[in-house]
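*Asks:* If you scroll down you'll find the structure; I have some questions about it.
The values are calculated or read from the model by the stated rules, or taken from the named source; none is laboratory data. All of these numbers come straight from a predicted model, not from anything done at the bench. For neighbour counting, all protein chains shown are included, and Cβ atoms are generated from backbone atoms with ideal geometry for every residue, glycine included.
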């Protein structure tokens, strides 16, 4: 299997599609929860979809994050499986701090966030991800999970790490 996204325009359209799907699940000011997501509704985008758990830490420490699920296309980006890992197990200190800050805004503001992140920390400075993070709340109010979508920019072909038997 090959993950391939050629142009930022394609990535932006995919972001719009994921955002529109998430927005369609909202009930007024209430945020959708994980139970509202139907993977079949966004099937073609699943390879770079992720679900990120908000993990509570001791008072004053702020939340941490664990990648509950990472689509198969993200294997190419990270060079390994990241499902089940905390940020500090996936990223170097600077990158983990970047993600804690960005995800913290999604949690505290209860609003989507978008940005670009260069993969130079992984030795792949020719690659960047255009990322989208969307808040999910099982009770409709308190963010306890984040829906992520990453579009890789600057790559032609990367193998996913999955091999045929």
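*Asks:* What's the total number of residues in the range 153-165 that are assigned to a strand (DSSP E or B) and either under 20 Å from residue 94 (Cβ atoms) or modelled with pLDDT of 65 or more (or both)?
*Replies:* Qualifying residue count, the range 153-165: 1.
*Asks:* I'd like the residue in the range 3-35 that is modelled with pLDDT of 95 or more, in contact with a strand residue (DSSP E or B) (Cβ under 8 Å, 6 or more places away or on another chain) and not in a helix (DSSP H, G or I) and, out of all such residues, is surrounded by the most Cβ atoms within 10 Å (Cβ to Cβ).
*Replies:* 31
Quick grid of which residues meet (1) at positive phi; (2) more than 15 Å from the chain's Cα centre (by Cα):
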site: 48; (1), (2): no, no
site: 53; (1), (2): no, no
site: 62; (1), (2): yes, yes
site: 75; (1), (2): no, no
site: 81; (1), (2): no, no
site: 84; (1), (2): yes, no
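*Asks:* While we're on this one: Just checking, does the range 136-151 include any residue being at positive phi and modelled with pLDDT under 95?
*Replies:* For the range 136-151, residues at positive phi and modelled with pLDDT under 95: absent.
*Asks:* Kindly list, by first and then second residue, each pair from a residue in the range 84-110 that is in contact (Cβ under 8 Å) with a residue 60 or more places away in the chain to a residue that is surrounded by 13 or more Cβ atoms within 10 Å (Cβ to Cβ), limited to pairs with Cβ atoms under 7 Å and residues at least 6 apart or on different chains.
*Replies:* Between residues of the range 84-110 that are in contact (Cβ under 8 Å) with a residue 60 or more places away in the chain and residues that are surrounded by 13 or more Cβ atoms within 10 Å (Cβ to Cβ), the close pairs are 110/31; 110/135; 110/143.
*Asks:* Residues of the range 71-104 being over 25 Å from residue 46 (Cβ atoms) and loosely packed, with under 13 Cβ neighbours inside 10 Å, which ones?
*Replies:* Passing the criteria: 92, 93, 94, 101.
*Asks:* Output the residues belonging to the range 50-72 that are touching a helix residue (DSSP H, G or I) at 6+ places or on another chain (Cβ under 8 Å) and closer than 19 Å to residue 111 by Cβ.
*Replies:* Of everything in the range 50-72, those that are touching a helix residue (DSSP H, G or I) at 6+ places or on another chain (Cβ under 8 Å) and closer than 19 Å to residue 111 by Cβ turn out to be 50, 51, 52, 54, 62, 63, 65.
*Asks:* Follow-up question, since we're still on this one. Considering only residues that are free of Cβ contacts under 8 Å to residues at least 24 places away in the same chain and surrounded by 10 or more Cβ atoms within 10 Å (Cβ to Cβ), which ones fall in the range 44-56?
*Replies:* 56
*Asks:* Right, something else. Within the range 78-98, is even one residue under 20 Å from residue 11 (Cα atoms) and at pLDDT below 90?
*Replies:* For the range 78-98, residues under 20 Å from residue 11 (Cα atoms) and at pLDDT below 90: present.
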